[in-house]
1. From the list VAL121, VAL104, exactly one residue is more than 12 Å from THR252 (Cα to Cα) and modelled with pLDDT of 95 or more. Which is it?
2. Considering only the stretch 60-83, how many residues are outside any loop (DSSP other than H, G, I, E, B) and either surrounded by fewer than 19 Cβ atoms within 10 Å (Cβ to Cβ) or free of Cβ contacts under 8 Å to residues at least 40 places away in the same chain (or both)?
3. Return yes or no: is THR116 in contact with a helix residue (DSSP H, G or I) (Cβ under 8 Å, 6 or more places away or on another chain), touching a residue at least 40 places away in the same chain (Cβ under 8 Å), of a type in the set (Val, Ile, Thr) and not assigned by TED's automatic domain parsing to the domain that holds VAL274?
4. Scan the stretch 293-320 and report the pairs whose first residue is more than 29 Å from PRO240 (Cβ to Cβ) and assigned by TED's automatic domain parsing to the domain that holds VAL274 and whose second residue is modelled with pLDDT of 95 or more and buried (at least 20 other Cβ atoms within 10 Å of the Cβ), with Cβ atoms within less than 6 Å and a gap of 6+ or a chain change.
5. Which one is nearest to the chain's Cα centre (by Cα) among residues in the stretch 397-419 that are more than 18 Å from TRP290 (Cβ to Cβ) and not in a loop (DSSP other than H, G, I, E, B)?
6. Any residue in the stretch 134-158 that's within 30 Å of PRO28 (Cα to Cα): show its pairings with residues that are at pLDDT 85 or above and surrounded by fewer than 17 Cβ atoms within 10 Å (Cβ to Cβ) at Cβ separation under 7 Å, as long as the two are six or more apart or on different chains.
7. Consider ASP154 carefully, then state whether it is of a type in the set (D, E, K, R), in contact with a Gly (Cβ under 7 Å, 6 or more places away or on another chain), part of a helix (DSSP H, G or I) and not assigned by TED's automatic domain parsing to the domain that holds MET339.
8. Regarding GLY368, is this residue surrounded by 24 or more Cβ atoms within 10 Å (Cβ to Cβ), assigned by TED's automatic domain parsing to the domain that holds TYR277 and either out of contact with any helix residue (DSSP H, G or I) (no Cβ under 6 Å at 6 or more places or on another chain) or modelled with pLDDT under 95 (or both)?
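The values are calculated or read from the model by the stated rules, or taken from the named source; none is laboratory data. What you are looking at is a predicted structure, and each value in this text was computed from that prediction instead of being measured. When we count neighbours, we look across all protein chains shown, and the Cβ atoms used for this are built from the backbone with ideal geometry, even at glycine.
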Amino acid sequence: MPAPVPPASPAPASLAPASPAPAFPPSPDEAAFVGIGELPSGRYPDRSFMGGLVEVALAAVRDAGLALSDIDTLLLIPCLHSPADQADLIFSRVVEELGLGGRVKSSVMLHSGGSTSDNTVRTAASLIAAGYARNVLVLQAEKWGSAPVGEMIDMLTANGIPREWEKATGLSFNAVGALIARRYMAVSGSTPRDMASVCVALRAWARLNPNAMYRDRELTVDQVLGSRLVSDPLHAFECPMMADGAVGLVLTSAARARAGGEPWVRVAGSGGCVSHYSIGQEEDLAVLGWPAAAAQAYEQAGWGPEDADVAEVYDSYAGVLTVALEGLGLAPAGEAARMFAAGAFSPGGRLPVNTNGGLLSAGHTGVGGGTALLAEGVRQLLGRAGPERQVEGARRAVCGGSGGTYMDSQILLLERVTR
């Protein structure tokens, strides 16, 4: 297991310990994260979809120390609240809104559900390494929190669930989360209180995040277990709340990042496993594709789970997160939920997990839930998470996303670089 991590401190990034030498030093043409932008998550009916994208784009580019005119490639992460807004993304409206007409080489939308951010970063890295792109702006926005609830429920009972077989049985995403939780509890011997502790730990992190949907609401295990039963064994407070949100990321080459003189974040390792489409075809809901994806990523990075300082892993339900942490080697098999109950992943614990509050407490922004977690991993390594939740000396992060009915497991291993 990782060595104990001190409680979060306000130490600025410039005073953080020097990063360890990467196992495999960065090449000049590999991708580097240099900027982040994010809007608060929650319900913001007066915040327009396109306005949110523009605002977060400006924030990310400014954070990178660049001008909008420096951006030559846009990679857009889809929304699910509106076919019309999604069409605007496909057909380059964002380019026009940002005043970049005639300057941008490509404006492309990519989609793999909750793992889209991982696959988008791989695409950005490939474009940069090939010399096609210099500065890539990744953008995501969602209006789940303000969209009509009935329409979103209909959408979440259709997309990603086989219409021929599983939809007919009444299967929904809450039911899928319940199936994973039930299987995990049976294999691990975890109790309902252990599982509820996952939600409580994430809420503790959200309370430190000014952008989190539930930053002002405490949560206890008794409150979780006392909330309405939604899909046995899941209670209402164990299900993610749909939210509006927006995130932007800027990537450039390591050579240009180094010339800027500021720390940057590289992708040290990457791995993935697409394990199923129909949830009924998954061999073991308590495993999924995480071990296979982790093996690829750790081998490429040259370091392992014991070297991680922080983890930001998809958490739409408690069981989804515990299964992932164990598959990633961040917790022993069958122990993740009990480790949450013991405070191991809470603020001040041995390994900070989902330090923005995750989907369960920062808010579920659709496909953007994974994007927000990735942005938090980059933010932690750049030392920009703020005085309350910044993990002191954070140098390496494990970030993971999963799409649909957890049909794929995608991992990015990030490193802070200062030279």
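1. After applying the criteria, what remains is VAL104.
2. 5
3. So THR116 fits the description; yes.
4. GLN300/GLY269; ALA301/ALA268; ALA301/GLY269; ALA301/LEU413; GLY304/TYR298; ASP307/ARG396
5. Top of the filtered list is GLU415.
6. Going by the 7 Å Cβ cut-off, the qualifying pairs are ASN135/ASP70.
7. no
8. When the stated conditions are applied, GLY368 passes them.
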